[in-house]
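A.B. asks: The structure is given below, and queries will be raised subsequently.
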Amino acid sequence: MTVAALLDRAKAQNVTIATAESCTGGMVMAALTDIAGSSAVVDRGFVTYTNAAKRDMLGVRQTTLDAHGAVSEEVAREMAEGALDFSRATLAVAITGIAGPGGSEFKPEGRVCFGLSGEGFATETETVEFGALGRDAVRRAARDHALALLDRGLSLIDPKTGKQPEQPRKN
């Protein structure tokens, strides 16, 4: 599915989108907003590169960061849920990972964790091991995977209830 088709489908379902990005630094939001008319669907994007930004902007708990580290499905879950809570969106995707270079034995380069949260369905998380493809390739692959997750999220949201909240759930 193209990004334009994704946006058309979201618009038809009355779904609005937010993103919470770490290792991609806004690449998902850039892909969405590159398409004319995206303002009918895109609410906002959070670039939360540091742990402090994840806490301050999305409400990620310090206890979660301490217990699991920033690159974890638990943090991706809280990022996605925070993107919904602090926006007017009805669908959110989150990305946190190690684009490289670097990584460790336990968290290798190319490991990216994703969260998908939306109105009317339980938050989903997953980890993808893209491998040591190099920083740019990992970031592009993570962007593309996040866009595919948004498409999946559209399948999970009831098109009749995809309406946008009047205000962010939290301030």
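A.B. asks: Run down THR64, THR33 and say which single residue is under 19 Å from HIS145 (Cα atoms), among the hydroxyl-bearing types (Ser, Thr, Tyr) and either buried (at least 16 other Cβ atoms within 10 Å of the Cβ) or in contact with a helix residue (DSSP H, G or I) (Cβ under 9 Å, 6 or more places away or on another chain) (or both). Step through it out loud before you land on a result.
C.D. replies: Numbers: THR64 fails: under 19 Å from HIS145 (Cα atoms).
Step by step, each of THR64, THR33 is checked, and only THR33 is under 19 Å from HIS145 (Cα atoms), among the hydroxyl-bearing types (Ser, Thr, Tyr) and either buried (at least 16 other Cβ atoms within 10 Å of the Cβ) or in contact with a helix residue (DSSP H, G or I) (Cβ under 9 Å, 6 or more places away or on another chain) (or both).
For (1) surrounded by fewer than 18 Cβ atoms within 10 Å (Cβ to Cβ); (2) at pLDDT 90 or above, each residue gets a yes or a no:
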position: ALA80; (1), (2): no, yes
position: PHE106; (1), (2): yes, no
position: THR125; (1), (2): no, yes
position: ARG135; (1), (2): yes, yes
position: ARG139; (1), (2): no, yes
position: ALA142; (1), (2): no, yes
position: ASN171; (1), (2): yes, no
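A.B. asks: Additional query: Pick from ARG88, ARG61, ARG44, ARG9: which is among the charged types (D, E, K, R) and in contact with a Leu (Cβ under 9 Å, 6 or more places away or on another chain)?
C.D. replies: ARG9
A.B. asks: Quick test of your reading of the structure: ARG88 fulfils all but one of (1) surrounded by 20 or more Cβ atoms within 10 Å (Cβ to Cβ); (2) in contact with a Pro (Cβ under 6 Å, 6 or more places away or on another chain); (3) over 12 Å from ALA20 (Cα atoms). Name the failing condition by number.
C.D. replies: (1)
A.B. asks: Sticking with this structure for a sec: Condition first: out of contact with any strand residue (DSSP E or B) (no Cβ under 9 Å at 6 or more places or on another chain) and basic (Lys, Arg). Now tell me which residues in the stretch 47-106 satisfy that.
C.D. replies: If the condition is that a residue be out of contact with any strand residue (DSSP E or B) (no Cβ under 9 Å at 6 or more places or on another chain) and basic (Lys, Arg), then ARG55, ARG61 are the ones that fit.
The values are calculated or read from the model by the stated rules, or taken from the named source; none is laboratory data. Quick caveat: nothing in here was measured; it's all calculated off a predicted structure. Glycine also receives a Cβ, built like all others from the backbone with ideal geometry; neighbour counts cover every protein chain displayed.
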